[in-house]
Amino acid sequence: MPTVAVVTEHERTLVDALDEPALIVEQSVVRLANAPARKLLGPNIEGRDVRLAIRHPQALDLILGHRRGEVDATGLVEPGRSWQLTIRPLWGNASLVRMNDRSDAVSAEKMRVDFVANASHELRTPLSTVLGYAETLADEHDLSEEVRANFGRTISDEARRMLRIIEDLMSLSRIEADRFVLPREEVDIGEIVASSVLNFTHAPASRACEFRVIVPDALPTVRGDRSQIVQVLDNLISNAVRYGCDKPGAPIDVTAEFNADWLVLSVADHGAGIAREHLPRITERFYRVDAARSRGSGGTGLGLAIVKHIVERHRGALDIRSTLGVGTTVTVRLRVAP
């Protein structure tokens, strides 16, 4: 093991002032590690060979070669965790190594890229249909009136589908823009439930459903954004109708109750249910358990993502439970107004 100089109090004070994990490496030995580095790499990292802690060839070339540079590395300490290592030469054969955890930034960038790709795909599919049918209508002059009418209906349906996706994307954008602003309205959940259920009762798509509503009188109000809470309930009921009304008289249960400073709102269907492996991901944007069925029934893949973000803005809680062959229950908890 190479001999290194004794750490001075001045040197330790300087390195300990850094918030991120930092090492001083001299002749391949970790001469000094600040508190975040000792927490990350182990309390006995000082005095050990740096190659036992940082197993990244490019980073080690810079450290041991006493050269400056930056290296992006993944999985140095934990699998999947992303780091940016900044190496700067010091005196003699010593180097300062600073470790910046970029896991959140990398994850956010991946989510952004995936979101753009998914949104592009979701819009491209109906747009391709619209263009294909429109070109046929423009170029083919001997089509029957029935065929033309069918093409026109398809173009209208696909255009409306694109409009729904765009409206949902704009809604998500507005919700995220206000995510740090606490809503201030006093909202009557009982009135919202009654209005939403009435609207769905008269909708053609939900005429086969039997809505069973249990909402006690004189529920306390919640502090929130009324239009967003309406959006939450509409999205939950819409999903229940879409996936739970597979036969006449299929029940959909909408309940609200007051429980220990929380107002608990639930929507339950008794449809096919969702397999357990899908549950952790169904609030992701554009995630679908059954893509073909969701698109065929008019879903955009954004409804539960909108619900999640609205509940988070209201500092509430969202719980989704489902059993195959039994149905799905979605529960939203909102704090009552003080």
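The values are calculated or read from the model by the stated rules, or taken from the named source; none is laboratory data. Note that the structure is predicted; figures quoted are calculated from it, not measured. Quick reminder, even Gly has a Cβ in these numbers, built from the backbone with ideal geometry, and neighbours come from all protein chains shown. Please note that ligands, DNA and RNA were not included when accessible areas were found on the heavy atoms of the full protein model with its side chains. Shrake-Rupley method; radii C 1.70, N 1.55, O 1.52, S 1.80 Å.
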Original post:
How big is the accessible area of Met170 in square angstrom, nearest 10, if you roll a 1.4 angstrom probe over the protein chains?
Top reply: 100
Original post:
If ligands, DNA and RNA are left out, what is the accessible area of Thr329 with a 1.4 Å probe, given in Å² to the nearest 10?
Top reply: 50
Original post:
Considering amide H positions built from the backbone, and no H for Pro or chain starts, which residues 5 or more places from Thr221, or on another chain, come under 5 Å of its amide H?
Top reply: Ala337
Original post:
Is it possible to state the helix-based mean residue ellipticity at 222 nm for the chain, with each DSSP H run of 4+ residues giving -39500 (n - 2.57), the sum divided by total residues, to the nearest 500 deg cm²/dmol? What is it?
Top reply: -14000 deg cm²/dmol
Original post:
Can you pull the percent of the chain's accessible area that's carbon plus sulfur, 1.4 Å probe, other chains left in place?
Top reply: 52
**OP:** Mind ranking 50-63, 249-262 by how tightly packed they are, going by the mean number of other C-beta atoms within 10 angstrom, highest first?
**Re:** 50-63, 249-262
Original post:
Can you list the HN-Hα couplings for the stretch 227-239, worked out from phi with the Karplus curve (6.51, -1.76, 1.60; θ = phi - 60°), rounded to whole Hz and with x for Gly and Pro?
Top reply: 4, 6, 5, 4, 4, 4, 5, 4, 5, 5, 5, 4, 5
Original post:
Given a 1.4 Å probe and the protein chains all in place, what does the accessible area of Leu318 round to, in Å² to the nearest 10?
Top reply: 50
**OP:** Would you work out the relative contact order for the chain, in percent, from Cα pairs under 8 angstrom that are 6 or more residues apart?
**Re:** 12
**OP:** Starting at the first residue of the stretch 28-42, write each ³J(HN,Hα) from the Karplus equation 6.51 cos²θ - 1.76 cosθ + 1.60 with θ = phi - 60°, in whole Hz, x for Gly and Pro.
**Re:** 6, 9, 6, 7, 8, 9, 6, 4, x, 5, 5, 5, 6, 9, x
Original post:
For the stretch 173-319, rounded, prolate or oblate, judged on the Cα gyration tensor with a ≥ b ≥ c (square roots of eigenvalues), a/c < 1.5 rounded, else prolate if a/b > b/c?
Top reply: oblate
Original post:
Ranked highest first by the average count of other Cβ atoms within 10 Å around their residues, in what order do 36-48, 113-125, 133-145 fall?
Top reply: 36-48, 113-125, 133-145
**OP:** Name the long-range amide H neighbours of Val213: under 5 Å, sequence gap of 5 or more, or other chain; modelled H, no Pro or chain starts.
**Re:** Val254
Subject >> Table column - 3J(HN,Hα) (Hz), the stretch 49-59, Karplus curve with 6.51, -1.76, 1.60, x for Gly and Pro >> reply: 5, 4, 5, 7, 9, 10, 9, 9, x, 5, 5
**OP:** Among DSSP beta bridges lying fully in the chain, give the percent that are antiparallel, nearest 5.
**Re:** 90
